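Worksheet: the structure to be examined is printed underneath.
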Amino acid sequence: MVLLSEELRATLKKPLGKTGPIAQLLPLAEGKKIIAVGDQVVFALLSKGIRPHLAVFDFRTLRKPVNIAVKERLEKEYPDANRVRNPAGEITEGLALIAPMLMRDGGALLVDGEEDLAALVFISMMKNGYVVMYGQPGEGVVLVEENSEGKKIAKKIAGKLGLASLSD
């Protein structure tokens, strides 16, 4: 288990990629495998007829339960989601261990706790042909591309957290 320092929390409050409404960012994801982190992002993609390569959710948004329509859609779309425990402000060993398989095979990850930092894990591991989309309160959706400054920042943070092997 890795806890985030206050300094790293401040760094992660800034978007790691391009921000905007999901419809505006989708052209940047065209032809790429989308890793969607966050209930609202996954739901928005599904509502547009786009099934992400990997969907990561926790049935919460802004630390409150998602509305029933979102929860029911995610449960229907991903009845066999992989599960991992990951408390708020942490990256657990379970999340770090399952991440490479999920990147490769796709599917869904239901997080018991909080999924926010999962974006950092998947951005750190991202290879060519992938994008990560995650929700950013007050900003909309953030899209991080493989050869971006956001990935460099994520890899640096992963290294500081002792998770450098994720980005190899």
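Worth pointing out:
- Kirkwood hydrodynamic radius of the chain, Cα pairs, Å: 15.6
- Between the listed residues L16, L117, I35, the Cα displaced farthest toward the positive end of the dipole of region 2-167, a dipole computed from Cβ unit charges relative to the Cα centre, is found at L16.
- Taking 16 Å as the straight-line reach from the Cα of K152, the aspartates and glutamates in range (excluding those fewer than 8 positions away in the same chain) are D168.
- Axial C-alpha extent at least 15 Å, average Kyte-Doolittle at least 0.5 - helices from the chain (DSSP): 93-105
- Toward the positive end of the charge dipole of region 66-152, with +1 on the Cβ of Lys and Arg and -1 on the Cβ of Asp and Glu, the farthest Cα among Q136, P87, L102 is that of L102.
- Normalised contact order of the chain, rounded percent, pairs of Cα under 8 Å and 6 or more residues apart: 31
- Spatial extent of region 105-168: Rg and Dmax, with the Cα atoms as the point set, Å: 11.8, 32
Only the coordinates and a few stated rules stand behind these numbers; no lab work does. Being a predicted model, the structure only gives us computed values, none of them experimental. Neighbour counts run over all protein chains shown; Cβ positions are idealised from the backbone, glycine included.
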